[in-house]
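Colleague: First the structure, then my questions, so here it is.
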Amino acid sequence: MWWGVISERRPNLRPAAGRVSFSEAMRAWFAGDFEACLALCDRVRPHGTAMVSEIALLRARALLRVGRPQDAIDVVRAVFVAHGTLDASLTARMLLGQGYVRLGEPERGLAILAGAARASNGAHPTIRSEIALNVALANYALRRLDDAERALEDVSEDADIVHARALEYRAWIAAARADFVAATAGFRAALERLDACRHRDRFLEANATMALATFAAERVDRQSWLIAERRRERIAWEGDALATLRHGLALAASKVYELDGRIRDALEAAHEAELVSPNAGYALLAQCRRAAVFRIAGETHAHADAVARMRRALEALDPATWHNDEQHGLPLAVAEEVAYAGDALGARALLKRYAELRSSSMLAIAGNARESAQLTFVEAVVADAEGDHGVAHHHYRDAFRTFTKIGYERRALFAALRLAELTGQTYLFEYVERTLRRVAPASPLRERARRMNPAAAGNDPTLGALSATERAVLRMLCSGHTTREIAALRGRSQQTVRNTVSRILHVFEVPTRAALLRECARRGIA
């Protein structure tokens, strides 16, 4: 079999009683139950050198999947010279290279993989394809995206699950380039290819489904979400190896349900994410999601209570244990909700903490459009909480532009809503209205959009007599902005704003701004 590598070394697992066949361990592998696969490998009695080789190789694969690259490297290196066949030798070198990539040494791993690729001319076609797949993985880790994509061209369409994984990798490359339309299409293609494979790979299905759900939620892509939702319901989520993927899928579900106004379902999904969290950091991300649902639903007291709980949880965490880039973003996620709760000073301190963590992270935020835009958005929320609407306007605008450019329309929608409230710009109302057509009528954002747009307050003939600019200024007056603030936010002189206000007073036939606000309240405009 093309799995082979000879090994007498076993990981530190206590062998279970009773014997099983090698095919049972293989079935556990394809089912995505890698812990069971490791345990079953210890219960197989090998018959000959080839069987020892196959068991060792399968064990190394499972160790890589459960996040134990050093153990996998040890398994392979202990018997590297006793590799037997060419396929077994190449597979051993491939796993060794993959182990170093996942250990955080991608250059070293790539050198090993490149050597395996050069020696693979006489190997099984699937072996050659899998080596090419891992060369792509190494280049992806080094952010050499063009080289990664070229490596994937050497993966044969006949390579069954390896080809399905190659389609998944192409989707991740597209995501790294902030092309989330192509990424979404890529994950859908990977799942369709998996359905046509001879074997199942539960981990691949869960990983691609999680990614598809995440991007569908952010892109407000209803069709892709329905595909992910159906698969979410049918995947067997047993096993610790799938906990992180289930966590991410539950967070995506919460975002979709929140947009649609299904608040109870959104909270339940956030709670599910917290329950299945593989560690305290992921649990805190789920708590941030729950707090956001409370905020969107207008549950002020519940939101404040959730924020207090999050702050205590963050203080209890040791940043030295945060080994991935997502958890480095915890202070940023908490800072957003703290700012919405009104504690601008606390939020500013969390932003500083986030900046310190990012500076020591392997993956710099520079060049990552999605993370840069999210940071800019949170800075806007904090400036808003500080009452600095000019700075907030600047940051919201930049975040909105980036989110719309990369297709993250859910986040762009939140930026547009607040920008429209601050500036009254017509194009923002139009963007909000266009995007909200893709969410359910029960969405709380629809009511927020209606309240912020004077033109949406029915067929009031007086409103119809105002120009778009006058309606925008009216909205800002109703929000409590001064002449100076309106001028700064709209980029106009104060005299121009005074002239516009005079015209609005004349149309409404009222003498003062105070009278104008009372009249707007009477008509249900504000």
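The values are calculated or read from the model by the stated rules, or taken from the named source; none is laboratory data. This structure is a prediction, so every number in the text was calculated from the model and none was measured. Ideal geometry is used to build each Cβ from the backbone, glycine not excepted, and the neighbour counts take in all protein chains shown.
Colleague: Quick test for you: out of 136, 148, 164, 141, pick the one residue that is touching a residue at least 40 places away in the same chain (Cβ under 8 Å), buried (at least 21 other Cβ atoms within 10 Å of the Cβ) and not aromatic (Phe, Trp, Tyr).
Modeller: Values: 136 fails: touching a residue at least 40 places away in the same chain (Cβ under 8 Å); 148 fails: touching a residue at least 40 places away in the same chain (Cβ under 8 Å); 141 fails: buried (at least 21 other Cβ atoms within 10 Å of the Cβ).
Only one candidate passes the filter, namely 164.
Colleague: Do any residues in region 327-341 that are farther than 18 Å from residue 248 by Cα and aliphatic (A, V, I, L, M) have Cβ atoms under 6 Å from those of residues that are modelled with pLDDT under 95 and surrounded by 24 or more Cβ atoms within 10 Å (Cβ to Cβ), where the two are at least six apart or on different chains, and which pairs are they?
Modeller: Final answer for the pair search is none.
Colleague: How do the pairs read when you match residues in region 206-234 that are on the phi > 0 side of the Ramachandran plot with residues anywhere that are not small (Gly, Ala, Ser) and not in a helix (DSSP H, G or I), using Cβ under 7 Å and keeping only pairs 6 or more apart or on different chains?
Modeller: From residues that are on the phi > 0 side of the Ramachandran plot, the pairs are 220/438; 220/439.
Colleague: Can you list the helices (runs of 4 or more DSSP H) found entirely within region 339-446 that contain at least 3 residues being more than 24 Å from residue 175 (Cβ to Cβ) and touching a Leu at 6+ places or on another chain (Cβ under 7 Å)?
Modeller: Working: elements: 344-359, 369-385, 389-406, 409-423, 426-436.
Output list reads 389-406, 409-423, 426-436.
Colleague: With buried (at least 16 other Cβ atoms within 10 Å of the Cβ) and at pLDDT 95 or above as the only criterion, which of 171, 159 stands out?
Modeller: Values: 159 fails: at pLDDT 95 or above.
Just a single option satisfies the conditions, and that option is 171.
Colleague: Could you count how many residues in region 105-116 are surrounded by fewer than 22 Cβ atoms within 10 Å (Cβ to Cβ) and either in contact (Cβ under 8 Å) with a residue 24 or more places away in the chain or outside the structural domain of residue 70 (by TED's automatic domain parsing) (or both)?
Modeller: 2
Colleague: Got a sec? Which helices (runs of 4 or more DSSP H) wholly within region 464-526 have at least 3 residues that are free of Cβ contacts under 8 Å to residues at least 60 places away in the same chain and crowded, with 20+ Cβ neighbours inside 10 Å? Before you say what the answer is, go through the steps one by one.
Modeller: Values: elements: 468-478, 483-490, 494-508, 513-523.
So the answer is 468-478, 494-508.
Colleague: Condition first: in contact (Cβ under 8 Å) with a residue 40 or more places away in the chain and surrounded by fewer than 21 Cβ atoms within 10 Å (Cβ to Cβ). Can you find one or more residues in region 274-294 that meet it? Talk me through it step by step, then tell me what you get.
Modeller: We begin by selecting, within region 274-294, every residue in contact (Cβ under 8 Å) with a residue 40 or more places away in the chain; these are 279, 281-282, 284-285, 288, 291-292.
If we keep only those that are surrounded by fewer than 21 Cβ atoms within 10 Å (Cβ to Cβ) as well, we get 279.
The answer is yes; a qualifying residue exists.
Colleague: Could you please let me know if residue 187 is over 25 Å from residue 28 (Cα atoms) and part of a helix (DSSP H, G or I)? Explain how you work it out, then say what you get.
Modeller: Details: over 25 Å from residue 28 (Cα atoms): no; part of a helix (DSSP H, G or I): yes.
Judged against the criteria, residue 187 is not a match.
Colleague: For residue 247, work out the one condition from (1) modelled with pLDDT of 95 or more; (2) over 20 Å from residue 267 (Cα atoms) it doesn't fulfil.
Modeller: Only one criterion in (1) modelled with pLDDT of 95 or more; (2) over 20 Å from residue 267 (Cα atoms) is unmet by residue 247, namely (2).
Colleague: For residue 469, work out the one condition from (1) modelled with pLDDT of 80 or more; (2) within 36 Å of the chain's Cα centre (by Cα) it doesn't fulfil.
Modeller: (2)
Colleague: Which of the residues spanning region 404-429 are over 24 Å from residue 369 (Cα atoms) and either at pLDDT 95 or above or of a type outside the set (A, V, I, L, M, F, W, C) (or both)? Outline the logic, then answer.
Modeller: Going through region 404-429, the residues over 24 Å from residue 369 (Cα atoms) turn out to be 421-426, 429.
Scanning region 404-429 gives 421, 423, 424, 425, 426.
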